1. For Arg188 and Asn44, calculate 0.36 nm times their separation in residues minus their Cα-Cα distance, and state this gained length in nm to one decimal.
2. Can you give the accessible area of Trp50, probe radius 1.4 Å, in Å² rounded to 10?
3. Run the accessible area of the chain with a 1.4 Å probe and give the carbon-and-sulfur part as a rounded percent.
4. So what is the accessible area of the chain per residue, in Å², with the probe set to 1.4 Å?
5. So what is the diffusion coefficient of the stretch 12-87 in µm² per second by Stokes-Einstein at 10 °C and 1.306 mPa s, using a Kirkwood Rh over Cα pairs?
6. 5 Å is the cut-off here: which amide hydrogens, built 1.01 Å from N in the peptide plane, fall below it relative to Thr65, excluding neighbours closer than 5 in sequence?
7. Using a Cα-Cα cut-off of under 19 Å, which lysines could be cross-linked to Lys93, ignoring same-chain neighbours fewer than 8 residues away?
8. Quick one: which residues, 5 or more positions from Phe37 or on another chain, have an amide H under 5 Å from its amide H? H modelled 1.01 Å from N in the peptide plane, none for Pro or chain starts.
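The values are calculated or read from the model by the stated rules, or taken from the named source; none is laboratory data. This structure is a prediction, so every number in the text was calculated from the model and none was measured. In this analysis, Cβ positions are derived from the backbone assuming ideal geometry, glycine residues included, and neighbour counts consider all displayed protein chains. These accessible areas exclude ligands, DNA and RNA; they are computed on the full protein's heavy atoms, side chains included. Shrake-Rupley method; radii C 1.70, N 1.55, O 1.52, S 1.80 Å.
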Amino acid sequence: MTHVVMVFHSGYGHTAKAADAVARGIEETGRVRFEKFAIDADGNLSEQGWSALAAADAIVFGTPTYMSGPSWQFKKFADASSRQWVAQQWKDKLFAGFTNSASMNGDKLSTLDYLFHLSQEHGGVWVGMGMLPSNTKAATRNDVNYVAGFSGLMTVSPADASVEEAPLPGDLETARLFGQRVAQTALRWAGQRQ
């Protein structure tokens, strides 16, 4: 069975909420084994998480965007993955990524670029959004892909919004659809490699 693993950090709970929506999309696809692991407040991942990443066919990274890049906790995890890099343990796996920040832009693309380059250091293959943005005059803030991510999922949680308030429903639906795309691509990728 195709194995998809998500590893993410969430500082205030908003990125975790986006992670849950991505997970819903992955799980709805069926025919995949899915596991989700949070990086803790000290930047550590459990041994179970590291083992799951080693066995995964696809890895989904998630982190808030702080000061135009990933959280230091996610960066600590990424730096710790040098052991896997030396062993080429994640080579030829699929990768995808998502991020959340308070502003509509907030340099989220810098974070997604970081995640992409991390995947490339590991010899992986990147999965982007695969969906058009909602960018017409009739578009509303709760339309799918209103934030217009292409290389990965971008969600917004205003600085004064509680986890109950944000990310908004349109961003969460975009996250769910992104999860479906990752799972469907992983299934196709696994079929092609056999």
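1. 48.7 nm is the gain from fully extending Arg188 to Asn44.
2. The accessible area comes out at roughly 40 Å².
3. Taking all protein chains in place, the chain shows 52 percent carbon and sulfur surface.
4. 47 Å²
5. Rounded, D is 117 µm²/s.
6. The list, which skips near neighbours in sequence, is Asn100, Ser101.
7. Lys36
8. Those qualifying (amide H under 5 Å, at least 5 residues apart or on another chain) are Met6, Val7, Phe8.
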